[in-house]
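Bear in mind these aren't lab numbers, they're just calculated from the coordinates by the rules spelled out. Keep in mind that this is a model prediction, so the values were computed, not measured.
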């Protein structure tokens with residue numbers, strides 16, 4: 001049996017990013033990077049909540065959001081699976097791991113109320129700061 005890609009995942013309680021978003025981001029990264037393939041079964045909501053020592057409702061919220069975005073599909077009585085790649089969502093599903101990290105960063109910034117210009121300015125400032133490290 002193949003190792004579970006989620007075995008190394010831990011919630012960062014100090015990150016300031018809501019737990020459900022951390023779960024969602026990690027799963028979307030694992031799907032986009034190929035750690036999980038189309039048709040692979042994901043842990044149940046209850047099992048993942050127990051493994052991560054978080055609320056069932058937190059995992060359920062992440063799964064619902066991933067299903068809305070087309071990453072996963074739930075089949076009653078059978079489980080949750082990585083969704084079949086659709087033509088309209090193919091670009092999103094085939095992003096590189098770096099693009100997924102950037103998507104996560106953008107999503108976190110938007111969740112904090114930043115607009116595109118603010119995000120661009122922050123990235124520019126961090127790049128400038130890096131030159132002096």
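Multiplying the residue separation of residue 132 and residue 81 by 0.36 nm and subtracting their alpha-carbon distance yields 13.8 nm. Once the Cα atoms are used to define both axes, helix 116-130 deviates from the longest principal axis of the chain by about 70 degrees. Comparing 26, 68, 78 in a Gaussian network model of the chain where C-alpha atoms under 10 Å apart are linked, the largest mean-square fluctuation is found at 78. In the chain, the longest principal axis of the Cα atoms and the axis of helix 56-68 are about 80 degrees apart. Which residue, 29, 71, 56, tops the fluctuation ranking in a GNM of the chain built on C-alpha contacts under 10 Å? Largest GNM mean-square fluctuation: 56.
In the chain, helices alone account for a calculated mean residue ellipticity at 222 nm of -16000 deg cm²/dmol, with every DSSP H run of four or more residues adding -39,500 (n - 2.57). Note on the stretch 19-95: along the principal axes its Cα atoms extend 35, 26, 20 Å, ordered by decreasing extent.
Under a Gaussian network description of the chain, with springs only between Cα atoms under 10 Å, the residue in 116, 51, 103 that fluctuates furthest is 116. Counting only alpha carbon atoms, the long axis of helix 19-32 and the longest principal axis of the chain meet at about 80°. Looking at the stretch 1-63, what % of the alpha carbon pairs are farther apart than 18 Å? Tail of P(r) above 18 Å: 31 percent of Cα pairs.
What the pair-distance distribution of the chain shows, using all Cα-Cα distances binned every 5 Å from zero, is 2, 10, 17, 21, 20, 14, 8, 5, 2, 1, 0, 0 percent.
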